[in-house]
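Each reported figure results from applying straightforward, stated rules to the coordinates on display, with no laboratory input. It should be emphasised that the depicted structure is a prediction, and the values quoted were computed from it without experimental measurement. Here Cβ is always computed from backbone atoms with ideal geometry, including for glycine, and neighbour counts include all displayed protein chains.
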């Protein structure tokens, strides 16, 4: 069975009409319409208020919703919905993205939206929360953008469906385009404008108001360059001048970096400001990629310590042996810590995209502002004239109020009353209607006084507005004064530092620290450091602040190693490059720049660091003395592949009390015992032994005695012996005064090894032992346990004489280093 067709044949009166159009013409026309739409309605800002349509619509709608700075926050979704439904039918994503940017303090120099919630992070590494979670309201400065918008200051146009009206530009009480900048990509053109300092831009605008013929050089005295929200440093001002003159130019932005001691052992680069639109995550990722590819050396670790309290803080730890300045130069070259910013000042002027210089941008804004203030003044004058007209009519009626009442009562209706009042008092219809609408309670004597005062005030204000409108100079003066108020209220200090040159950021220094000579120092308070050169320290061994005595100093090289001898007979290998370097001063090194021993060496409980020594196998070796009177010269055989060596085999209960590296082998070894016996003999009497040997008898000790000092003294130089006598702990009153004696070293004769030596101090009443002793080159320096200096007594030539009372306890004595 055949199916019947349900299609209705076309009526005969409908004729087919096909137009032949060249595809080239169609594409050209359509593309031009599209390009113009993108340029004018989406991508480029207006040079008057510095806003793109979406930003302008957001600000205007928030003002219409009453979301002022003194009101509570509302959900961003509500603002986006109002803007999309009434003014901007292009999807909520583009509207919310624009709103978020206006709330980011790192994107805009003067944010237009006061955001509450997560509005993203620098570099967009942490995206903003959804608009259903975030809240917003107008920022304090945003009210200046819409100020007096209801006073016929700007033109309005229909919205997309003709049911609403929107401003073609906002009144803009400050140059928003220069202050906040703009970026956008249109069809065949783009704009990229950096932010500037509000106070500087307004100062330039006010100068241009007063001097319309000012040249660019004069304006640049007020606006020397961009002022980015994230700070940083702009290197090279030539590109900025080109941009201010022609509208196009390029400059470099560098991160703000300081070299600091991030740990006791390492220096680091602390980044507190990054280039505009660059986030810390981007820098960290790039550094890790370069380190992994072995294109960047010297980086030990990268930490992001950014928080709300301290702001951006990116710490880049530098490996020991690398120059932080050289590493920083590599970071500037290879990472986003230095970025180029291309200025392209394209903005709409009367609907046409133009490339503008600094002066042209200011002139377009000022012309707009002059027009806004002029229209505002005309609107206000008209409003005041209308009000004055009503007040004068009411005052006329109050002069003969009885006649007015009589006319009204005798009239049959309001129309007859109106005509009678117009004829009787020569009033206008508006004045007459106002009189009829005025309640009787306002016809008192007090209200008449108020009306007369209002009339006088209105006349004064109308005269002032007329003076402004009739004089271009007064209009310009008013605009200038209003700009000054804005600058005073919202101006902030400059954040971006301008550097004249764009040359190398640091001096040409080698990446790695050279293996230059230096000296490794050990202080009495347990600080380790190295000097910047290998020269002996002049002026002694005290530090500037606390006079901390240097108890051991050995020559080394910056990339070498030294040995650290401990009281348990161990020698630990110490890397010199790990030690902090002191300032390059020839005298009195400030050891406050040193680091504690525990940062570099792991010592057992009760173990102490006795001295430092070189690992030079050509030296005469190391001399060691123990508490039980054992002496040993160690053969300088130190394997390079071991970080810990045993340099003496100690007996049970014994420990190292002194160790010193012999320089020539002609030194005298010195023992001082608790029984006030001093023994010196040539180091040549001690045969060198291997590292595992236990040494030989060095000094003869009576029962109960022990060695309290061991060292080596050059007999050819000036030397001295310092001893302190006191009471054995627990045997006498601790308040008994200690006595000390300083004696020339040559007063003590040489004796044979393993003998008892000679007496070096006689005990006074209450003293039964030596509590401290030292022998070495002069002049000696003494310090207490805190590092504070202690004055020593005058030299006593008697080798076995009694001492002089000490004013302060002595913890350490050392000679020149």
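To one decimal place, what Kirkwood hydrodynamic radius in Å is obtained for the range 256-336 from all pairs of distinct Cα atoms?
Details: mean 1/r = 0.0785 Å⁻¹.
It works out to 12.7 Å.
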Could you order the peptides 185-191, 410-416, 467-473 from most to least packed, using the average number of other C-beta atoms within 10 Å per residue? 185-191, 467-473, 410-416
Distance between modelled label sites at residue 473 and residue 371, nm, 7 Å Cα→Cβ extension: 2.6 nm
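Can you order the peptides 101-110, 651-660 by their average number of other Cβ atoms within 10 Å per residue, highest first? Numbers along the way, then the final one.
Numbers: 101-110: 20.8, 651-660: 18.7.
Descending packing order for the listed peptides: 101-110, 651-660.
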For the pair residue 800 and residue 24, how long in nm is the line joining their label points, each one 7 Å along Cα→Cβ? 12.5 nm
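Fewest to most neighbouring Cβ within 10 Å: what's the order for 673, 557? Don't jump to the answer; show the numbers that get you there.
Values: 673 25, 557 16.
Exposure proxy ranking, most exposed first: 557, 673.
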Looking at the chain only, what percent of DSSP beta bridges run antiparallel? Nearest 5 please. 90 percent
Most to least packed among 170-177, 775-782, 393-400 [average Cβ atoms within 10 Å]: 170-177, 775-782, 393-400
Give me 785, 41, 524 sorted ascending by neighbouring Cβ count inside 10 Å, so fewest comes first. 785, 41, 524
Note on the range 249-304: contact order normalised by length, alpha-carbon pairs under 8 Å, 6 or more apart, percent, works out to 24 percent
Entry for Cα extents along the principal axes in Å (calculated from the structure that is shown) out of [x] 144, 97, 66; [y] 125, 81, 52; [z] 144, 90, 69: [x]
Quarter of the Cα convex hull surface for the range 746-817, i.e. its orientation-mean projected area (nm²): 6.2 nm²
Starting from 0.36 nm per residue, how many nanometres of slack lie between residue 185 and residue 460 once their C-alpha separation is accounted for? 93.9 nm
List the relative contact order of the chain as a percent without decimals, with contacts defined as Cα pairs under 8 Å and 6+ residues apart. 9 percent
Distance in nm between residue 260 and residue 340 label points, each 7 Å along Cα→Cβ, equals 3.3 nm
Tell me, what is the percent relative contact order of the range 51-171, built from C-alpha pairs under 8 Å that lie six or more residues apart? 28 percent
I'd like the FRET efficiency for residue 350 and residue 411, computed as 1/(1 + (r/R0)^6) with the beta carbon distance as r and R0 of 60 Å, rounded to 0.05. 0.60
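Could I get the Rg over Rh figure for the range 517-814? Both from C-alpha atoms, Rh via Kirkwood, rounded to two places. Intermediate results must be reported in sequence, preceding the final value.
On the way: Rg = 18.5 Å, Rh = 19.5 Å.
Ratio of gyration radius to Kirkwood radius for the range 517-814: 0.95.
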At q = 0.11, 0.16, 0.18 Å⁻¹, what base-10 log of I(q)/I(0) does the Debye formula yield for the range 692-795 when every alpha carbon is treated as an equal point scatterer in vacuo? -0.41, -0.86, -1.06
How much of the DSSP beta bridge set in the range 517-814 is antiparallel, as a percent to the nearest 5? 90 percent
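Under Stokes-Einstein, with the Kirkwood radius over Cα pairs standing in for Rh, what whole-number D in µm²/s applies to the range 733-785 at 20 °C and 1.002 mPa s? Show your work: numbers first, answer last.
Details: Rh = 13.8 Å.
Translational diffusion coefficient: 155 µm²/s.
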Normalised per residue, the volume inside the convex hull of the alpha-carbon atoms of the range 51-171 in Å³ amounts to 96 Å³
Per DSSP helix of 4 or more residues, -39500 (n - 2.57); summed, then divided by the residues of the chain. What does that give at 222 nm, rounded to the nearest 500? -9000 deg cm²/dmol
As a test of the definition: which semi-axes, in Å, follow for the range 361-490 when you take the square root of five times each eigenvalue of its alpha carbon gyration tensor? Largest first, please. 42, 15, 11
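Would you mind ranking 316, 708 so that the residue whose beta carbon has the fewest other beta carbons within 10 Å leads the list?
Values: 316 26, 708 22.
Listing 316, 708 from fewest to most nearby Cβ atoms yields 708, 316.
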